[in-house]
Amino acid sequence: MRHIIPVLAVWACSGLVPLQTPLRAEVPPLLAIQDARIVTVSGGVIEKGTVVIRNGIIVDVGAGASVPKGAWIVDGKGLTVYPGLIDALSTWGIPEAAAAVPTAAGGRGGGAPAAPQAGQAQTPQTRSWGPADRPGTSSWVKAADQVKTTDRRLEQARGAGFTSAVTFPKSGLIGGHGAVINLGGESNGQMIVDPSAGLFMNTTPGGYTGYPSSLMGIYAYFRQLWIDAEHYRLAKEMYAKDPVNIPRPEYDRALEGVLESRRVLLPASNPITMERMVKLAGDMKSPVVLWGVVEGYRMADRLKQSGTPVILNVKWPTRERDADPERVESLRTLEVRDKAPTSPAVLAAAGVKFAVSSDGIDTPRDVIRALKKSIDLGLKKEDALRALTLSAAEIYGVAAKLGSIDRGKIANLVVTNGDLFDDRTKVQMVFIDGVKYLPPPETPQGPGGGAAARPTESIEEEQ
Amino acid sequence: MRILTLTLMTASWLCAQNTIVIQNGTIHTVTKGTFQGSIVIRDGKIAEVAEKVMTPPGARIVDATGKHVMPGIIDAHTHIALDSINEGSVSVSSMVNVAEMLNPEQINIYRALAGGVTTANSLHGSANSIGGQNVLFKTRWGQNAEGLIFKGAKPSLKIALGENVKRSGNPQGGGFQQGAQQNLRYPGTRMGVEDVIRDAFTRASEYQKEWKEYDAKKARGENALPPKRDLQLDPLVEILEGRRLIHAHCYRSDEILMLMRIFDEFNIKGVTYQHVLEGYKVAKEIAARGDGASTFSDWWSYKVEAWDAIPYNAAIMHKKGVLVSLNSDDAGGAELMRRLNTEAAKVMKYGGLTEDEALAMITINPAKQMQIDKWVGSIEAGKDADIVIYDKNPLSMYAKVEKVFIDGKEYFDRDNDITERPRKEAEKKGLTEKEREIEKKSAPQTRRPS
């Protein structure tokens, strides 16, 4: 006996449910999406196949995958199943960050400027006199402790096909530890896939006055902090062995946080900053992921050589709106704006591992649109999709759980009615841990477009 | 036979690849006189310089007939090509290093190159008593930051005195806001500056001792925790141990003497006084310590401590036995840096120095101050082929730089620059038009109210 998920019924109910509550169908323990086009990412495309999910895990996938007895069925005819998309540098899930202005990396020469985060303005700014004051540092903060299922942005993200994000506390110089999260769950804790994704670092002073007040001061501070942490580690180790001769080290939460870090995320919009950051990470003896990368098209060789993965900023640079028409711009600036969208293709051709982020982007869907622009400029669709899925998972060491449609992975899927990069395509449903979520009702766009709900077609009507 | 010819041709071609002969120019060697002659450059080094040289077959010939050839200019004090210059939040910021901020794409590098500068010493600013670590680089335009760095040179640190460094600590000075008093930085007076510098070197000595004690304990086989590395004190210890030079920003003679007393206390050598506008008053004392002075030809009165200045400063110090150089102190636009040759010419007018003495102040003298004179600063066999070709005598204000070689590689050519301009303009125009086109296409359709 097979059941068809009563999509229409759920849809109808959804209007009655307050928006804060995720719109979810009943959770079947065993589910099969049958006869769909399956883009596995890891193993090519299955034109007509079946994905079987048991208890939130993909247990079978293939053209010949059989539907187990008792499974609920989603009729996949006319649908395409992709692995759930991953935002590789996000604040989704941290409600406090929602109010903050996007941290678009940009500008040249310096690091990527970031906007102050919510909550930061209220904290009194302390005067830092040196590295010992740990300026702008919250290396003990963990995104995993801050994520909430109630973040209103989750629904919008899911609506664009995102099922996971690597989310970071971003305030100050060292924001804290990121977490790989699923963009839905029964409880806050259930959202966490990996609580230790890396330490988010930035080069824009925030949350303090005084030292370091310059970019080079920030580099020097980072170096000293890592030296201190290494000394702290050694002191604890030696004290444990010889508490009589070795003085008891003073507890330091900032250094504890640094020592817990598995990798660091450093901003590098252009090749100059990239060289600096690769060297800095080398001196800190830490694996590094560069974020806020804008000029990736001229960083490929060095990235490949140093084996450094990057998170591209896909808010492609454009001319300032209402810019002075008389302004003479340098050839370099014009070139950056012209070539930045070609970065994914250049990096893919060079074999550099890259993912993309919502950093600086207005709506989640714009991440996909930005990549579409790159596809039009020569990026292969597979590479674009890989950046949104498996590459992100690999960069953060969670590829065994996320990033492709494979047996054993978490059942995070996005089901569409066509090609993901076609703007007319609609996300029909997403699965997170095997739980189905429906996209939020669309709101009219353009000026004057409020939050007024508009009737949305059900899946059945579409087909 | 044909194979042999080919082999020979390849061999001579390979040889010629790395050989350039600058022929028949007026050569200002700076250290070995001026004469009509030629220079052979091989593998980036000056191989031979003489009236008559041996020109290998296949060498690239640069005809310098009627032209003037001099060593690449060395600017002992500039701030170009840096993404940040001052860490002004604290009075001792020796942990920061401007080398890390070197921006190889900053256009000032090219401008300086076009003005004949081949080596530049980009310093930390003068916002605090002990500033940051400086960077010495060659203007190898087109290379990355690593490729610019002057390899093998002794590192240096900036120290500053006087108005700039005491200003941020003084409520009457700049930057004072209501309620921000607790954020003020010590010192607020010149005596405070002295205290800060003495205190820093005292702490550095203690830190040095701590490490020595640890090494001794370890040698005795005791279980000891090593001291924590302190990036602020490391460079100061290097100074105490003679492994790092000092560039000290100063104006007034009294504070120059004050600084000398601190240096004597800690037995610090390898100092070049920067700006040093009142250097003519203490030239004897500077010479006695064997320190250098890097000044301006006729730039002063921009603040109170820069009033008691004279254009004879460089010449007087030179005649009293001080090693003197002239610098640009450029930060924004490489403005003075592009005509350091005319700055040098001024010391002939004010002070009556010879052509060689004048040129030395922008070549071999700064090289000696930075202890890089074994590589650069004059046209001598064995040195780096850092060479500038002028159309006229470089000490003439009408002289223009025609070609610049660094390590035997041509980095600037005036004719190329001029012929390249229309192509670059066209490229810019093309990109601008393309962008406007895309903007037009993607602009939202204007909607009429219904």
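The values are calculated or read from the model by the stated rules, or taken from the named source; none is laboratory data. This structure is a prediction, so every number in the text was calculated from the model and none was measured. Cβ coordinates were reconstructed from backbone atoms using ideal geometry, including for glycine residues, and neighbour counts include every protein chain displayed.
Output yes when any residue across region B:229-251 is modelled with pLDDT of 95 or more, basic (Lys, Arg), closer than 27 Å to residue A:249 by Cα and not in a strand (DSSP E or B), and no when none is.
Within region B:229-251, one or more residues are modelled with pLDDT of 95 or more, basic (Lys, Arg), closer than 27 Å to residue A:249 by Cα and not in a strand (DSSP E or B).
Scan B:297, B:301 and give me the residue that is part of a loop (DSSP other than H, G, I, E, B), at positive phi and assigned by TED's automatic domain parsing to the domain that holds residue B:199.
B:301
Anything in region B:63-84 that is under 14 Å from the mean Cα position of the chain (by Cα) and either at the interface with chain A (Cβ under 9 Å from one of its Cβ atoms) or among the polar types (S, T, N, Q) (or both)? List them, or say none.
The answer is B:78, B:82.
In the set B:288, B:315, B:309, which member is in the same structural domain as residue B:85 (by TED's automatic domain parsing), part of a loop (DSSP other than H, G, I, E, B) and of a type in the set (A, V, I, L, M, F, W, C)?
B:309
Run down A:183, A:215 and say which single residue is at pLDDT 95 or above and more than 30 Å from residue A:421 (Cα to Cα).
None of the other options fit; the residue is A:215.
When you scan region B:123-169 for strands (runs of 3 or more DSSP E) that lie fully inside it, which ones turn up with 3 or more residues that are modelled with pLDDT of 95 or more and out of contact with any helix residue (DSSP H, G or I) (no Cβ under 8 Å at 6 or more places or on another chain)?
In region B:123-169, B:156-160 are the strands (runs of 3 or more DSSP E) which contain 3 or more residues that are modelled with pLDDT of 95 or more and out of contact with any helix residue (DSSP H, G or I) (no Cβ under 8 Å at 6 or more places or on another chain).
Across region A:33-78, what is the number of residues that are among the basic types (Lys, Arg) and within 29 Å of the chain's Cα centre (by Cα)?
Total satisfying the criteria: 2.
Among what's in region A:200-211 and is more than 18 Å from residue A:87 (Cβ to Cβ) and modelled with pLDDT of 95 or more, pick the residue that is nearest to the other protein chains (Cβ to nearest Cβ).
Filtering region A:200-211 for residues that are more than 18 Å from residue A:87 (Cβ to Cβ) and modelled with pLDDT of 95 or more, the one nearest to the other protein chains (Cβ to nearest Cβ) comes out as A:203.
Name the residues in region B:174-228 that are modelled with pLDDT under 95 and in contact with a Ser or Thr (Cβ under 8 Å, 6 or more places away or on another chain), would you?
Correct list: B:174, B:175, B:183, B:184, B:185, B:186, B:187.
Report, by residue number, each residue of region B:210-228 that is within 12 Å of another protein chain (Cβ to nearest Cβ) and outside any helix (DSSP H, G or I).
Across region B:210-228, the qualifying residues are B:222, B:223, B:224, B:225, B:226, B:227, B:228.
Going by what's in this entry, would residue B:60 be described as within 18 Å of residue B:387 (Cβ to Cβ), away from chain A (no Cβ under 12 Å) and of a type in the set (Lys, Arg)?
Yes, satisfied.
Within region B:342-351, is there a residue that is surrounded by fewer than 17 Cβ atoms within 10 Å (Cβ to Cβ) and touching an Asp or Glu at 6+ places or on another chain (Cβ under 9 Å)?
Looking through region B:342-351, at least one residue is surrounded by fewer than 17 Cβ atoms within 10 Å (Cβ to Cβ) and touching an Asp or Glu at 6+ places or on another chain (Cβ under 9 Å).
Run down B:385, B:360, B:367, B:426 and say which single residue is hydrophobic (A, V, I, L, M, F, W, C) and more than 27 Å from residue B:148 (Cα to Cα).
B:426
List every residue pair whose Cβ atoms sit under 8 Å apart, with the two residues 6 or more apart in sequence or on different chains, where the first one lies in region B:422-435 and is facing another protein chain (nearest Cβ under 7 Å) and farther than 14 Å from residue A:335 by Cβ and the second, anywhere, is of a type in the set (Ser, Thr, Tyr) and not in a helix (DSSP H, G or I).
No pair meets every condition.
In region B:321-351, which residues are of a type outside the set (A, V, I, L, M) and in a helix (DSSP H, G or I)?
Residues satisfying the conditions are B:338, B:339, B:341, B:342, B:343, B:346, B:349.
Tell me yes or no: at least one residue of region B:385-395 is out of contact with any Leu (no Cβ under 6 Å at 6 or more places or on another chain), surrounded by fewer than 23 Cβ atoms within 10 Å (Cβ to Cβ) and free of Cβ contacts under 8 Å to residues at least 60 places away in the same chain.
yes
In the list B:69, B:90, which residue meets the criterion of being closer than 29 Å to residue B:257 by Cβ and among the hydrophobic types (A, V, I, L, M, F, W, C)?
Result: B:90 is the single residue among B:69, B:90 that is closer than 29 Å to residue B:257 by Cβ and among the hydrophobic types (A, V, I, L, M, F, W, C).
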